[in-house]
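To start, the structure itself, in structure tokens.
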Amino acid sequence: GGFATVCCMANTTPVNDDRTVTQYIVNRAREVGQVRVLPIAAMTKGLKGETLCDYADLKMGGAVALSDDGLGVRDSTVMRNVLSYAKTNGLLVMQHCEDLSLSQGGSAHEGDVALRLGIRSQPAEAEAIMLARDIELVALTGAPYHALHLSCEPSLRLIREAKKRGLPVTCEVAPHHFSFTDDACSSFDTAAKVNPPLRGKAHVDAVIAAIVDGEVSA
């Protein structure tokens, strides 16, 4: 068992937002020589969602894709530019879909479990709303786009519809989002605190159905 290739995200210290950092990762991996390491560079400087990085330079340094990892780009104009320049440079955009104005401070899925426990929650729509915006920006720019760790029915429905439209959109889901429901939060076990949060059974069933149907790429 084990891993032969690792695609490392940009949320390192320092952030992988310039060619020097990208090349260091590539060179260090080559020195160690155990696995192939493919850097995913930042979409924006410092992962702040404001200023685009130099994508051509990052690609020359060895970057294979772009992502701000756990921080979705909130500004629609910035995201449009990310997609446009990523396409020009032949780089895939990988987005963490989360509208922080809806989700901020929420530690669990908005539903019966969070209500019963008195835990501040976030709705599934916080994920789906950003994804819906991004899909329309993909239609506008034609750039390839990958949605990271989707967790809810409305998001997977949007992916299905985007593929029917012929848009270059893919997605992935994480094992815990098709293995556990938000009932796992009932004991206040911090191992069940993930982002996006564990969802209710209907959402888990939707994730499994999307895997079975082939809508989920990974």
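Descriptive notes on the structure:
- Lone unmet requirement of (1) open to solvent by 20 Å² or more (accessible area, probe 1.4 Å); (2) within 19 Å of Ser151 (Cβ to Cβ) for Val113: (1)
- Selected residue (criterion: farthest from the chain's Cα centre (by Cα)) from residues of the range 15-42 that are part of a strand (DSSP E or B) and within 25 Å of Leu83 (Cβ to Cβ): Leu38
- Residues satisfying the stated conditions in the range 43-97, i.e. more than 12 Å from Ala143 (Cβ to Cβ), assigned to a loop (DSSP other than H, G, I, E, B) and open to solvent by 20 Å² or more (accessible area, probe 1.4 Å): Lys48, Glu50, Thr51, Asp54, Gly62, Val64, Asp69, Gly70, Leu71, Arg74, Asp75
- Any hit, the range 7-28, residues being buried (at least 19 other Cβ atoms within 10 Å of the Cβ) and either at positive phi or in contact with a His (Cβ under 8 Å, 6 or more places away or on another chain) (or both): no
- Meets criteria (assigned to a helix (DSSP H, G or I), closer than 14 Å to Pro197 by Cβ, among the aliphatic types (A, V, I, L, M) and touching a helix residue (DSSP H, G or I) at 6+ places or on another chain (Cβ under 8 Å)) for Val138: no
- Contact map, the range 153-180: first residue closer than 17 Å to Ala124 by Cα, second residue of a type in the set (S, T, N, Q) and open to solvent by 60 Å² or more (accessible area, probe 1.4 Å), Cβ cut-off under 7 Å, separation 6 or more or different chains; pairs are Cys171/Ser217; Glu172/Ser217.
- Residues satisfying the stated conditions in the range 141-151, i.e. of a type in the set (A, V, I, L, M), within 19 Å of Leu83 (Cα to Cα), assigned to a loop (DSSP other than H, G, I, E, B) and in contact with a helix residue (DSSP H, G or I) (Cβ under 9 Å, 6 or more places away or on another chain): Ala143
- Qualifying positions in the range 140-151 - farther than 12 Å from Ala210 by Cβ and surrounded by 15 or more Cβ atoms within 10 Å (Cβ to Cβ): Thr141, Ala143, Pro144, Tyr145, His146, Leu148, His149
- Entry remark, the range 152-177: residues being in contact with a Lys or Arg (Cβ under 7 Å, 6 or more places away or on another chain), of a type in the set (A, V, I, L, M) and either open to solvent by 70 Å² or more (accessible area, probe 1.4 Å) or over 21 Å from Lys87 (Cβ atoms) (or both) number 0 in total.
- Selection within the range 178-214 - among the β-branched types (Val, Ile, Thr) and crowded, with 17+ Cβ neighbours inside 10 Å: Thr181, Val194, Val204, Val207
- For Ser101, the stated conditions hold: it is over 20 Å from Val173 (Cα atoms) and open to solvent by 10 Å² or more (accessible area, probe 1.4 Å).
- Verdict on Val73 being closer than 30 Å to Thr181 by Cα and either touching a helix residue (DSSP H, G or I) at 6+ places or on another chain (Cβ under 6 Å) or modelled with pLDDT under 95 (or both): yes
- Ile129 being closer than 26 Å to Glu50 by Cα, of a type in the set (Val, Ile, Thr) and touching an Asp or Glu at 6+ places or on another chain (Cβ under 7 Å): yes
The values are calculated or read from the model by the stated rules, or taken from the named source; none is laboratory data. Since we're looking at a predicted model, the values are computed, not measured. Quick reminder, even Gly has a Cβ in these numbers, built from the backbone with ideal geometry, and neighbours come from all protein chains shown. Note: areas computed on protein heavy atoms with side chains; ligands, DNA, RNA excluded. Shrake-Rupley method; radii C 1.70, N 1.55, O 1.52, S 1.80 Å.
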